[in-house]
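J.: Have a look at the structure that comes next, please.
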Amino acid sequence: MGFMSGVITGLALAAGGLVWYMSRSGERFRDQYGVDQKLSELGDQLETRTREIQSTVNAQLAEMRAKGSEGAAGSGDPAAKLDDVQASAAEAAAEISADVEGTAAKVKKSAKDAASE
């Protein structure tokens, strides 16, 4: 455990030193090429696009909720639909669980193989 904490501490100190050095040596570069301004513009564009996507998704969710409430009002057996939804959700969860367990087994096997070498 001491070795890993030493490695992590070393990496953290190296990253901190790199950030300090880049902040000192990168001033001329940032001033010359206007990196801060370009990053600011990029951030503004991302924020605008995110808001557009969020409004579109909210509109689609409202539409689907409206369709769902119309369908629920007209259906005769909502319990049957709920059972179908629960069954499909359980199947999807089982598939995901199997995939995760398979991947974990592969990783565990490769770790054992690497440790034995």
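The values are calculated or read from the model by the stated rules, or taken from the named source; none is laboratory data. The structure displayed is predicted, hence computed values, not measured ones. A quick note on method: Cβ atoms are made from the backbone with ideal geometry, for glycine too, and the neighbour counts reach across all protein chains shown.
J.: Out of (1) over 24 Å from the mean Cα position of the chain (by Cα); (2) modelled with pLDDT under 80, what's the single condition that is false for G16?
T.: It is condition (2) that G16 fails.
J.: Do any residues in segment 92-104 that are of a type in the set (S, T, N, Q) have Cβ atoms under 9 Å from those of residues that are surrounded by 10 or more Cβ atoms within 10 Å (Cβ to Cβ), where the two are at least six apart or on different chains, and which pairs are they?
T.: Qualifying pairs under 9 Å: none.
J.: Please identify the pairs in which a residue from segment 44-71 that is over 28 Å from V85 (Cβ atoms) and not assigned by TED's automatic domain parsing to the domain that holds V85 has its Cβ atom under 6 Å from the Cβ atom of a residue that is at pLDDT 85 or above and assigned to a helix (DSSP H, G or I), counting only partners at least 6 apart or on another chain.
T.: none
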